[in-house]
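In what follows, a single structure is set out as structure tokens and then discussed.
We did not get these values from a lab; they are worked out from the coordinates using the rules stated. What you see is a predicted model, and the numbers here were worked out from it, not measured in a lab. Neighbour counts run over all protein chains shown; Cβ positions are idealised from the backbone, glycine included.
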Amino acid sequence: MATSGMTLGEKWKRRPQIVWLRKALFQIHLWAGIGLGLYIALMSVSGSAVVFRRELGRALGREPRLGAGPGARMTEDDLKQAAHRAYPDYEVKSVFLRKNPDQAAEIWLQRPGRKLQRLFNPYTGADLGDPLRWGFRALLWLVDLHDNLLLAQTGRVMNAIGGIFTLLVALTGAVIWWPGIGVWRRSLNFRWKSNPKGVNWTLHSALGFWTCMSVIMWALSGIYLSIPKTFNAAVDYFEPSYPSGRELRKGDRLLYWLTQAHFGRFDGIGVKILWTVIGLAPAVLFVTGTVMWWNRVLRPWLRRNEAVSRRELVTTPAGSDDSVQARS
């Protein structure tokens, strides 16, 4: 089909691959995706892992339940002596006896340069271990990694910047996905082909289309959760508080919805399972996009360099310094 007489709109409708704007957006999408890919994959996997953070926190953070002992519960002084016998190098700072008789007592100990928090059986004085079990600590570490990149406020700022670039990747991907009016339906479905490149491309294209809005939502909500004061200030500027101060403004409702949507905090376990599965899509897009980059950019570049090196080796006169160095 001749394209010389077609308008820009017709080219975009029928042959978007030849439109210079699409080519430019493709390069932005390609290199931004490659440069940001590991970050996006990290946020994707860690975010899916902590969708059930509340349920996991309740399950992993439960303290051991105790049966009643042969006698009455030990006093605070008795527990201090038991803790001192178990940790003679530490000073007992605090003893916390719970109201429920089947709960362990918590004791805080300290020595120069180190603090300990331990659970003790209030009936026998036995050391029951750390109040925070390793699984709960691992969950806290994973949440901190996802929320702050383990870097406190600096990590939140980095997450905001990462969210902005993730939004750029998603929006450019949505634009360059359009293949043309004649074949757009084929790009909606994953097609198993004998050619591995075709399988990878259809997976990237179809998965990108069906999860694009989710990725945009996660990017926007991630930016908000990283720098909430900026968004709250914008709401205050465009929508001052109501006189009563009790009614939620439209901006407040939008930000609340973004928070709920980011974590999948809706009724039903099915929604959280769905959020966990969809949350892995950006990681899959990174892998398939990297494979496409390898096939389209890196491998041809390596082959061209190899071919140039071979030509230079063949055309170098025998006995020259370059020839001697090449043979060595």
> To the nearest 20 debye, what charge dipole does the stretch 76-131 have about its Cα centre, counting +1 at the Cβ of each Lys and Arg and -1 at the Cβ of each Asp and Glu?
Replying inline: 200 debye
> If contacts are Cα pairs under 8 angstrom and at least 6 residues apart, what is the relative contact order of the stretch 1-157 in percent?
Replying inline: 19 percent
> Could you give the radius of gyration (one decimal) and Dmax (whole number) of the Cα atoms in the chain, in Å?
Replying inline: 29.9, 99
> Once both labels are modelled 7 Å past Cα along the beta-carbon direction, what's the residue 299-residue 8 spacing in nm?
Replying inline: 3.6 nm
> Cα convex hull of the stretch 99-153: mean projected area in nm², to one decimal?
Replying inline: 5.8 nm²
>> Compute the helix-to-body angle for 281-293: its Cα long axis versus the longest principal axis of the chain, expressed 0 to 90° and rounded to tens.
In response: 30 degrees
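Which number gives the lysine pairs in the chain that have C-alpha atoms under 20 Å apart and are eight or more places apart or on different chains?
Close lysine pairs under the 20 Å cut-off: 7.
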>> With unit charges on the beta carbons (Lys and Arg positive, Asp and Glu negative) and the dipole taken about the Cα centre of the chain, which residue among 160, 6, 43 sits farthest to the positive side?
In response: 6
>> If each residue of separation counts as 0.36 nm, what is the full-extension length gain between residue 287 and residue 274 once their alpha-carbon separation is subtracted?
In response: 2.6 nm
> Under the rule of -39500 (n - 2.57) per DSSP H run of 4 or more residues, summed and divided by the residues of the chain, what mean residue ellipticity at 222 nm is obtained, to the nearest 500 deg cm²/dmol?
Replying inline: -20000 deg cm²/dmol
> Of 146, 262, how do they rank once you tally other Cβ atoms within 10 Å and put the fewest first?
Replying inline: 262, 146
> Nearest 10 degrees, 0 to 90: what angle lies between the long axis of helix 250-263 and the longest principal axis of the chain (Cα atoms)?
Replying inline: 90 degrees
>> With only alpha-carbon atoms in the gyration tensor, what are the semi-axes of the equivalent ellipsoid for the stretch 76-131, in Å, largest first?
In response: 18, 11, 9
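Relative contact order, percent, of the chain when contacts are C-alpha pairs under 8 Å separated by at least 6 residues?
Averaging sequence separation for qualifying contacts and normalising by length gives 21 percent for the chain.
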> For the chain, with the dipole built from +1 on Lys and Arg beta-carbon atoms and -1 on Asp and Glu ones, taken about the Cα centre, which of 143, 248, 302 lies farthest toward the positive end?
Replying inline: 302
>> Under 8 Å for C-alpha pairs, at least 6 residues apart: give me the relative contact order for the stretch 81-173, rounded to a whole percent.
In response: 15 percent
> How much net charge surrounds residue 265 when only other residues with a Cβ under 14 Å from its Cβ are counted (Lys, Arg +1; Asp, Glu -1)?
Replying inline: +1
